[in-house]
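Student: Can you keep this structure in mind? I'll have questions shortly.
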Amino acid sequence: FVLLALITWFAAATRRMKLYKITKPLVILPLMAWFSLRGDTEPPYLYFIIALSFSLLGDIALAFWRKTTFFIGMGLFAFAHLFYSIGYSQWPTPWLPLGSLLLVPALVILFGTLAYRPAASKDPHMKTYFRYGLIYGVFLLTTLIMAINSFWREGWSLIPATMTLVGAILFVASNILLAFESLDYTQKNVRFWVISLYHLSQFLITSSVLYVADGSFYI
């Protein structure tokens, strides 16, 4: 996983797109194998394996970077977030911990912005983009809420809860940068940051679950 991730980061930073498209879909595979060997194939671990599988398919779709495959990739990652949330929910959690309330202002700002932009744009493609972006944002922020709730989740100590929260935050950051990239934001290293933050987020989320399963972190 580390080797393939570093190669993909290098390809993104140096814009070697052929290498990038080859290695990008492969990175999640060893992470899935590691998680399956160190964890289990039964719930709640099964849901995280399913989430990683949808992430793998989403990586394949986004590697082609076409309009159609981009929306397919968004849909696949939405399902990944859905199964991450289902996986988190397998551990008992207070219904509305204080941490969830911290996202209310963020949700209002995000949804208000996404709802306003289609009306302000005359480009049909942009209207479609923001419409699907709004739906995807719900799934993404649900994962973030579930990650915040890990601090109150039964069986989760401070270390794995912090790991999974940082992972969820990095996932959100990666998606924000991906949105900029899809809108032709021309920052030179944006793709490097998109993919590196994404890989780190996946590693931290899966590692946090293994930490809970084993009571410690080990390779």
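Student: Considering only region 16-42, state which residues are under 15 Å from SER196 (Cα atoms) and assigned to a helix (DSSP H, G or I).
Tutor: Result: TYR20, LYS21, THR23, LYS24, PRO25, LEU26, ILE28, LEU31.
Student: Which of the following residues is under 24 Å from TYR211 (Cβ atoms), open to solvent by 60 Å² or more (accessible area, probe 1.4 Å), at pLDDT 85 or above and not β-branched (Val, Ile, Thr): GLY155, GLY167?
Tutor: The conditions single out GLY155.
Student: Could you say which residue among GLY99, GLY58, GLY133, GLY87 is modelled with pLDDT under 60, within 20 Å of the chain's Cα centre (by Cα) and assigned to a helix (DSSP H, G or I)?
Tutor: Answer to the check: GLY99.
Student: Condition check: closer than 23 Å to ILE205 by Cα and either crowded, with 18+ Cβ neighbours inside 10 Å or touching a helix residue (DSSP H, G or I) at 6+ places or on another chain (Cβ under 8 Å) (or both). Does PHE48 satisfy that?
Tutor: Taking the combined requirement at face value, the residue satisfies it.
Student: So which residues in region 130-145 are without any contact (Cβ under 8 Å) to a residue 40 or more places away in the chain and closer than 14 Å to SER85 by Cα, if there are any at all?
Tutor: GLY137, VAL138, LEU141
Student: Cβ-Cβ under 6 Å, sequence separation 6+ or interchain: first residue in region 146-158 and within 16 Å of ILE86 (Cβ to Cβ) and assigned to a helix (DSSP H, G or I), partner of a type outside the set (D, E, K, R) and open to solvent by 10 Å² or more (accessible area, probe 1.4 Å). Which pairs?
Tutor: Pairs that qualify, where the first residue is within 16 Å of ILE86 (Cβ to Cβ) and assigned to a helix (DSSP H, G or I) and the partner is of a type outside the set (D, E, K, R) and open to solvent by 10 Å² or more (accessible area, probe 1.4 Å), are MET146/SER85; ALA147/LEU165; ASN149/THR93; SER150/TRP156.
Student: Mind counting the residues in region 29-42 that are open to solvent by less than 70 Å² (accessible area, probe 1.4 Å) and either in contact with a Lys or Arg (Cβ under 9 Å, 6 or more places away or on another chain) or at pLDDT 80 or above (or both)?
Tutor: Here the count works out to 7.
Student: Taking only pairs six or more apart or across chains, which ones have beta-carbon atoms under 7 Å, a first residue in region 47-76 that is more than 17 Å from LEU197 (Cα to Cα), and a second residue that is charged (D, E, K, R) and open to solvent by less than 40 Å² (accessible area, probe 1.4 Å)?
Tutor: Nothing qualifies.
The values are calculated or read from the model by the stated rules, or taken from the named source; none is laboratory data. Here the structure is a predicted model, which means the values were calculated and not measured. Neighbour counts are summed over all protein chains in view; Cβ atoms, including those assigned to glycine, are modelled from backbone coordinates with ideal geometry. Accessible surface is based on the protein model in full, side chains and every heavy atom, while ligands, DNA and RNA are left aside. Shrake-Rupley method; radii C 1.70, N 1.55, O 1.52, S 1.80 Å.
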